[in-house]
Each structure stands twice: as C-alpha cells, then as structure tokens.
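Worksheet: one structure, shown below.
The values are calculated or read from the model by the stated rules, or taken from the named source; none is laboratory data. What you are looking at is a predicted structure, and each value in this text was computed from that prediction instead of being measured. Cβ placement follows ideal geometry from the backbone for every residue including glycine, while neighbour counts extend to all protein chains displayed. Areas reflect the complete protein model, heavy atoms only, side chains present, ligands, DNA and RNA absent. Shrake-Rupley method; radii C 1.70, N 1.55, O 1.52, S 1.80 Å.
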Amino acid sequence: MRHLLALVILLAGAVNAGAQTAVPQPGQVLVSGTVPDEETKLAVLARLRDVYGAALVVDQISIGKVATPANWNGYVQKLITPDLKSISRGQLKIDGSTVSIKGEVASEATRQKIAGNVAASLNPTYTVNNTLRVSAADQSVLDTTLANRIVEFESGKAELTQTGRAILDEMAAAMKKLNDRKVDVIGHTDSQGNKLTNQNLSQARAEAVKAYLINSGIKGELLSASGQGADRPVASNDSADGRARNRRIEFRMAQ
C-alpha cells in the first residue's frame, strides 16, 4: 500500500491544471486528495478553517485505503500555519513524506521565513521542494510609474533637474503603496568619459535619488543606492539618443 495520495491545498486563487477539481476563488483555499480516515480529514479541515476562516475553505478531501508515515497528521498540522496566508496563487502538496510548496510572496524575507519554518516543522525523513518566488506585481508598479522616462540631472552632475524631481515625486507616491517593500536605486551612465568617473557619477546620482525619496517620505532603510557606470547599457552608445537612454536611474524591487 502506498503512502498518502497527495493532499493538495490550493492557496488564494491558484489553479491546479492537473486536477479535476473546482477552481478556488480569490482568497479561498481548496483542499483535495485522499486521507485514511474521517478523523484525519476533520483535523486537516479544522486547522485550515482556523487559519483562513470556515467560509474560505473548500473541502474536496476523500477517504480511501491509503497509508501514511508515522505522525503524518501531526506534521500536516505544523505545516498549515498563518504563514500560508502570505502566499498567493500557490499550492501546498503533501504526498507522504514529500512536501512541495510553490506560489508568490511579497518579499525575499517572507520567502526565506516560510522556507525556514517549513523545514523546521519536519523531521529529516521528509523531503521539501520549495519553489516560492517573489511576486513581480510590485515591480510592475515601479515600471509603470517610471514609464520609460529618464530621471534627469544637470549635465555631468548629480543635481536633479526640475523634470527629474517631478518624476521622483511620482515614484515616491508609488513606493508608498508597496507596503514597505525594499527598492534598489541603480544609477547608470553612457560610455563617454573615464570609466572611474562614470562609476562615481552613477553612484552619486543614485545617492541623490535616494536622498530625494527619503525627503519625500520614503523610509531610508527601504532604499539602497548603487552605481553601475556604463556597464549595463540599454541602447547603443554610438548615437546621442542611445547615450541619453543609457544615462538613467533604474528602480528594482530588492530580492
């Protein structure tokens, strides 16, 4: 007799294309699979309802002739924690002594916290496959706000122009919507001039942007500033237009 036939918990609107089950709505969790008895089923459902609320748990668990590892139900209880509420479009799959978790989380810190807690909840006989990833949605907020515009500086200086400051006012407003996510501010230059000078200028401009955002109400600990000089062009440096595009500030969600 084989071990448990994959208890699958779909988190916050995930779609399990391989299963013939209903699709959970946003905020709901759907739990399916086969457990050995009614007591195990009720324990799983009770734990999920305690974490998510009874109205959001969709039960599709069946009972069948399957075996489980020792103290399997106890380990399942340890895995169903409020940490799961941080995962969107995700799935927790517990197939005997193999645990797989995937989906999107808001930050690298959250991803590492969940991974660490899962590993700490299980004994060494369990295998954990963790493919959680940081959501790209917040990066989209930054990209959409910047809208391919260039944060302008005075020529050869780290002094923002009026146009540059206006763009940063919009970026600050966008960052305030990101729930204290950390952002990397990265300065770039074109390839003209001395390499070291370009590196220093890109760093100084990134620092100037960071300072402006802090003055606009963004917490300093949420921002890092770095300069890449001319090492990462997005256009050819052979034309004036290309060089202008390369003299830019990049905003990236910290990983």
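Values as computed for the structure displayed
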{"item": "Close pairs (9 angstrom Cβ cut-off, 6 or more residues apart or separate chains): closer than 9 Å to residue 191 by Cα in segment 223-244, basic (Lys, Arg) and surrounded by 13 or more Cβ atoms within 10 Å (Cβ to Cβ) anywhere", "result": "233/243; 233/245; 237/243"}
{"item": "Residue that is nearest to residue 156 (Cα to Cα), among those in segment 201-236 that are open to solvent by 60 Å² or more (accessible area, probe 1.4 Å) and touching a Gly at 6+ places or on another chain (Cβ under 7 Å)", "result": "236"}
{"item": "Considering residues of segment 183-200 that are open to solvent by less than 40 Å² (accessible area, probe 1.4 Å) and hydrophobic (A, V, I, L, M, F, W, C) only, the residue nearest to the chain's Cα centre (by Cα)", "result": "183"}
{"item": "Unique residue being charged (D, E, K, R) and more than 30 Å from residue 250 (Cα to Cα) when the list is 143, 50", "result": "50"}
{"item": "Among the residues listed as 60, 91, 77, the single one being modelled with pLDDT of 85 or more and in a helix (DSSP H, G or I)", "result": "77"}
{"item": "Entirely in segment 113-230, the helices (runs of 4 or more DSSP H) that have 3 or more residues that are modelled with pLDDT under 90", "result": "137-146"}
{"item": "Tally of residues being over 30 Å from residue 95 (Cα atoms) and open to solvent by 30 Å² or more (accessible area, probe 1.4 Å) across segment 123-144", "result": "6"}
{"item": "Any pair with Cβ under 7 angstrom, 6 or more apart, that starts in segment 45-68 at a residue that is within 12 Å of residue 10 (Cα to Cα) and ends at one that is basic (Lys, Arg)", "result": "57/49"}
{"item": "Residue among 55, 43 that alone is modelled with pLDDT under 90 and assigned to a helix (DSSP H, G or I)", "result": "55"}
{"item": "Residue check for residue 194: polar (S, T, N, Q) and under 23 Å from residue 135 (Cα atoms)", "result": "no"}
{"item": "Failed criterion for residue 67 (all others in (1) more than 19 Å from residue 28 (Cα to Cα); (2) of a type outside the set (Val, Ile, Thr); (3) in a helix (DSSP H, G or I) hold)", "result": "(3)"}
{"item": "Segment 96-115: number of residues that are among the acidic types (Asp, Glu), touching a residue at least 40 places away in the same chain (Cβ under 8 Å) and buried (at least 17 other Cβ atoms within 10 Å of the Cβ)", "result": "0"}
